[in-house]
1. Looking at region 67-80, can you tell me whether even one residue there is in contact with a strand residue (DSSP E or B) (Cβ under 9 Å, 6 or more places away or on another chain) and buried (at least 16 other Cβ atoms within 10 Å of the Cβ)?
2. If you check Ile200 against the conditions, is it within 21 Å of the chain's Cα centre (by Cα) and part of a strand (DSSP E or B)?
3. Answer yes if at least one residue in region 13-25 is touching a residue at least 40 places away in the same chain (Cβ under 8 Å), among the acidic types (Asp, Glu) and not in a loop (DSSP other than H, G, I, E, B), and no otherwise.
4. Among the residues of region 28-58, how many are within 23 Å of Asp75 (Cα to Cα) and either of a type in the set (S, T, N, Q) or free of Cβ contacts under 8 Å to residues at least 40 places away in the same chain (or both)?
5. With the requirement that a residue be touching a Cys at 6+ places or on another chain (Cβ under 8 Å), within 26 Å of Tyr93 (Cβ to Cβ) and modelled with pLDDT of 85 or more, what does region 21-42 give you?
6. Keeping to region 217-240, report how many residues are over 21 Å from Pro194 (Cα atoms), of a type outside the set (Gly, Ala, Ser) and touching a residue at least 12 places away in the same chain (Cβ under 8 Å).
7. Within region 140-161, take every residue that is aliphatic (A, V, I, L, M) and at pLDDT below 90 and give me the one that is nearest to the chain's Cα centre (by Cα).
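The values are calculated or read from the model by the stated rules, or taken from the named source; none is laboratory data. Remember, predicted model here, so these are calculated numbers, not experimental data. Glycine gets a Cβ as well: all are built from the backbone with ideal geometry, and neighbour counts include every protein chain shown.
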Amino acid sequence: MERQIIRIDEEKCDGCGVCASGCPEGALQMIDGKARLVSEITCDGLGACIGQCPQGAIEIEVREAAPYDERKTLDNILPMGANTLKAHLKHLYEHAQTTYLNQALAYLQEMQMSIPDYQEKPMECGCPGSAPRTMHREPAAPEGRADLSSQLGQWPVQMHLISPLNPVFHKSDLLLAADCCAFAMADFNQQYLPGKTLAIACPKLDQGQESYLDKLTALIDQAKVNTITVMIMEVPCCGGLLRLAQTALERATRKVPLKAIVVGVDGQIRRESWV
């Protein structure tokens with residue numbers, strides 16, 4: 001199957017071993033002075049090891065790889081002790097990997113093992129690119145005034161990187177936008193982004209979209225977002241993003257208003273309605 005998985009640049013790797021110690025799943029080991037991915041089925045592809053690498057030798061790619069297996073991952077982790085188990089569960093929890101987390105908890109219950117307290121206040125992810133940040137912006141300029149200031153209020157924005165535990169999402173109005181929308185629209189920042197949190201995704205090209213459902217459901221039930229606006233392009237494949245949001249609402253225990261905005265390839269709004 002095609003999925004996200006890490007890739008190591010051996011030329012950049014200096015063998016410091018920091019990434020291996022930061023991978024509780026045991027997917028990385030130091031062999032012959034280099035970091036090696038020794039187990040595809042225990043690499044979850046979330047990239048926590050990326051921020052641990054001082055040489056920038058690790059990145060995430062999408063390729064054919066063996067499916068991730070939570071039970072086999074736990075078989076590697078359990079001999080390492082309670083602290084490693086806690087780090088792994090906390091890693092899944094903070095990345096809103098509800099499916100894998102539930103598999104892990106069920107397995108631990110089957111094994112009659114105690115479950116450590118992993119639901120602590122979220123810390124910044126080890127990856128600098130996905131570390132949560134909040135930006136304080138001035139309001140958008142009045143209509144008719146040329147002002148190109150960004151209205152982005154938080155980072156990160158890509159669905160694989162955001163965490164529903166980031167306080168910025170709590171009771172916010174969420175804009176879930178297809179990747180192409182901001183490039184097609186001249187006034188995306190000024191007209192549609194002010195006052196909203198943002199998540200972006202591509203329903204055609206992104207892998208691992210089951211995690212998107214988990215995160216959207218968590219944003220509804222845990223972050224308690226007030227509204228969700230889904231902005232998609234008029235091309236047929238883009239409709240998958242609206243279906244993801246609708247499926248998440250069906251799974252969630254809360255119900256929130258859902259608006260759909262369809263953007264033409266010329267950047268003009270084709271349709272806008274509550275669904």
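1. yes
2. Here the answer is yes, as Ile200 does meet what is asked.
3. The answer is no; no qualifying residue exists.
4. Of the residues in that region, 13 qualify.
5. Ala27, Leu28, Ala35, Leu37
6. Result for region 217-240: 7.
7. Leu161
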